[in-house]
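Have a look at the structure below before the remarks.
Quick note: the coordinates plus some simple rules give every number you see, no bench work behind them. Everything numeric in this text was worked out from a predicted model, so none of it was measured. Cβ: placed from backbone, ideal geometry, glycine included. Neighbour counts: every protein chain shown.
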Amino acid sequence: MSKQGWLSGPLAQLTLVRVREFMREPEAVFWAVFFPILLTVGLGFAFRDRPDPILKIAATPGIAAALKSEAGLDVRELPEDQARLALRNGDIALAVVGDAGNVVFYYDDTNTEGRTARAIADRAIQRAAGRTDPVAVADRVTREPGSRYVDFLVPGLIGIGIMSNAVWGLGFSIVDSRRRKLIKRMVATPMSRVQYLGSYLVWRLILLPVEVIIPLAFGGLAFGVPVRGSWIALALVCLIGSLCFSAIGILVGSRARTIEAVSGIMNLAIMPQWIVSGVFFSSQRFPDIAQPVIKALPLTALIDALRAIQLRGAGLADVGVELAILGGWLVVAFVAGLKLFRWR
Amino acid sequence: MALHVRQLRKTFKDVVAVDGIDLDVQPGECFGLLGPNGAGKTTTIEICEGLTDPDSGEVRVLGRTWKNDSSALRQRLGIQLQDTQLSDKLSVTETLAMFRSFFHQGPSVEEAIAMVQLGEKRRARVGTLSGGQKQRLAIACALIGAPELLFLDEPTTGLDPQARRQLWGLIIDLKGAGRTILLTTHYMDEAEQLCDRVAVMDHGKIIALGTPNELMASVPMPPKEPRLHAATLEDVFVALTGRHLRDE
């Protein structure tokens, strides 16, 4: 083979086609590169840890004065019916009705803000009426990087970035080629089918550093989100995760003939994991009975491993179970995708 | 024998697409499969290309069978499919470089571009090419492996008259270079111009076979009708089926 042999070989050429098609689709580049940043910024601000979480409440005129000195509360003075209406509308967390001698708290006890507001309001009213606390307490507040919401969020966003880009990118590209009868044309040549599918995996691996480094660097620079564990483990988890979701992308695109059909299948593959795999809130919130299923999902494994490495300083040995789950999905999805693939 | 087909049969659900046809294509010959839409031309050619499995019958391509020699055969065939849309975002050169990478031998990308006269468009994106240019690129993709046998499925369908004639010129050049070609068409003038021999297909069967001149000479014209022009292949088809060739 000549010096340029590897570049004119089929796997290199097919991969070049993937890269060129992607780079020449500005929208695709936007979603892959900038969307995770926007999401991090947006959610980072929306759920930022405010120094003083101010809770909005309403109080009737007879009791409002006692509450207004409390720094943690934003008190509106309203008549009883309007205060309770505001509570029903979700404008306030607590409605306080009554006067100095007799107070009724209206709130939703399933709402954390409501319960907190009730406790603060109760303390303020009791103290205003002359209660003294028998035990002296002091608060020492710590806000360490690693325990804030944004720290929880960044590994989750890296995980959904790897998943969504792979499943959407491969699913659409494969089905579009099938719709154009291009796949049929390609298999009319001596092209190797494994190399055809392999070029998709290589393409995703080329984009992987961009997908991981951008949110990681942004999280680190803008919010100080740490990476405490092993970089090698982080790289390996991302690598296996990317291959796993590429294989799932191939499986998702293996049969469909139209973009509409594959969109439905993609949503089926992606949406449940967006919700249950602990991207935005801990998957522990789902019932115990569902936990084994949730733990077995590839996105859960990927995100759990990323969080363990970034936040808890885990090494390679600590994420063995997650790597095994991702590897299992990779093998099953790739074999099934290859077997089911509609080559015309 | 470049292509040898015996008693080929293919049914899709309850439609008999190919109903027991025999074909022989000699090396160096341009053989035309002529017929209306739905006659079974594409099914026949795709079985010969190894893209569709026949229900029964024998197919030998360049003396080999798809069952035993599929990968060796793919290296030796050039294929243009009826409705392939090449990727709009790639350039002419990039598209051909990809196809070239699949073949052990063949012309360089630049040589292939020159063969189909797309030199001025070599850097253009496929999406910006005209219909005729796209079709010439599709034929360049079929030629990139220096094929011994070329399959062209309705190469001029949907092109304007000028682009059709340009493509005819290209196919005549290929014939002149001694290539073996099997092409399908539903234009009789195309078959007359390009093909050494023609098989007329209808309802999955071959209803006439011969050189264009033999076929046209075989048609008895009604005596009362003054013979203002020589018979065309259209007349052959009408005489054989009572229908016009372009009827669906």
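Students often get this wrong: which residues of region A:300-324 have the backbone nitrogen under 16 Å from the point 7 angstrom along Cα-to-C-beta of A:Arg228? Zone members listed by number: A:304-316, A:318-319. Contact order, relative form, for chain A: 19 percent (alpha carbon pairs under 8 Å, 6 or more residues apart, mean separation divided by residue count).
Within the shell of other residues whose beta carbon sits under 14 angstrom from the beta carbon of A:Gln195, the net charge comes to +3, with Lys and Arg scored +1 and Asp and Glu -1. I need the shape label for region A:55-128. Rule: rounded when a/c is under 1.5, else prolate if a/b > b/c, else oblate, with a, b, c from the alpha carbon gyration tensor. Verdict is oblate for region A:55-128. The relative contact order of region B:1-62, computed from alpha carbon pairs under 8 Å that lie at least 6 residues apart in sequence, is 46 percent. Going by how many other Cβ atoms sit within 10 Å of their own, how do B:Lys13, B:Lys89, A:Lys68, B:Lys134 line up, fewest first? Least to most surrounded, the residues fall as B:Lys13, A:Lys68, B:Lys89, B:Lys134.
Calculated on the Cα set of chain A, radius of gyration then Dmax: 26.8, 94 Å. Taking chain A as a Gaussian network of alpha-carbon nodes connected by springs under 10 Å, the highest mean-square fluctuation of the residues A:Glu260, A:Glu77, A:Glu21 belongs to A:Glu77.
Take the Cα of A:Leu182, go 7 Å toward its beta carbon, and the backbone nitrogen atoms of region B:77-104 under 15 Å from that spot belong to B:83-100. Amide H to amide H, with H built 1.01 Å from N, A:Leu55 comes under 5 Å of A:Leu73, A:Asp74, counting only residues 5 or more places away or on other chains. Between amide H atoms placed 1.01 Å from N, distances below 5 Å from B:Lys205 occur with B:Asp19, all of them 5 or more places distant or on a separate chain. Inter-chain neighbour count for B:88-97: the average number of beta-carbon atoms from partner chains within 10 Å of each residue's beta-carbon is 3. Computed from phi, the 3J(HN,Hα) profile of region B:169-186 under the Karplus parametrisation 6.51, -1.76, 1.60 (θ = phi - 60°) reads x, 4, 5, 5, 4, 4, 4, x, 7, x, 7, 8, 10, 10, 10, 10, 7, 10 Hz, with x in place of Gly and Pro.
Across the options B:Ala17, A:Leu243, B:Gln7, the greatest Cα extent toward the positive end of the charge dipole of the protein assembly as shown (unit charges at beta carbon of Lys, Arg, Asp, Glu) belongs to A:Leu243. Taking a sphere under 13 Å around the Cβ of B:Arg9 and counting the other residues whose Cβ falls inside, with K and R at +1 and D and E at -1, yields a net charge of -2. Helix A:259-276 and the longest principal axis of the Cα set of chain A meet at an angle near 40°. Between 0 and 90 degrees, the angle of helix B:66-76 with respect to the longest Cα principal axis of chain B falls at about 60 degrees. Around the Cα centre of the protein assembly as shown, unit charges on the Cβ atoms of Lys, Arg, Asp and Glu (plus for the first two, minus for the last two) sum to a dipole of about 960 debye. By the count of neighbouring beta-carbon atoms within 10 Å, fewest first, B:His203, B:His186 end up ordered B:His203, B:His186. Each of A:Leu85, A:Ala314, A:Val194 was placed along the dipole of the protein assembly as shown (beta-carbon charges, centred on the mean Cα), and the one lying farthest toward the positive end is A:Ala314.
Taking every DSSP bridge with both residues inside the protein assembly as shown, close to 50 percent are antiparallel. 3J(HN,Hα) along region A:28-43, derived from phi through the Karplus expression 6.51 cos²θ - 1.76 cosθ + 1.60 where θ = phi - 60°, amounts to 5, 5, 4, 5, 6, 9, 8, 4, x, 5, 4, 5, 5, 4, x, 6 Hz, with x in place of Gly and Pro.
As a rough footprinting exposure proxy, the listed residues A:Val29, B:Val5 were ranked by other beta carbons within 10 Å of their own, and the order from fewest upward is A:Val29, B:Val5. Seen from A:Ala305, the other residues with C-beta closer than 15 Å to its C-beta sum to a net charge of +1, counting Lys and Arg as +1 and Asp and Glu as -1.
To the nearest 10 degrees, how steep is helix B:131-143 against the longest Cα principal axis of chain B, on a 0 to 90 scale? Roughly 80 degrees, rounded to the nearest 10.
Once C-alpha pairs closer than 8 Å and six or more residues apart are averaged by separation and normalised to the residue number of region A:55-128, the relative contact order reads 33 percent. Listed values for region A:129-134 are Karplus-derived 3J(HN,Hα) couplings in whole Hz (6.51 cos²θ - 1.76 cosθ + 1.60, θ = phi - 60°), namely 8, x, 6, 10, 7, x, and x replaces Gly and Pro. Comparing mean-square fluctuations of B:Asp83, B:Asp53, B:Asp173 from a GNM of chain B with C-alpha springs under 10 Å, the top value falls on B:Asp83.
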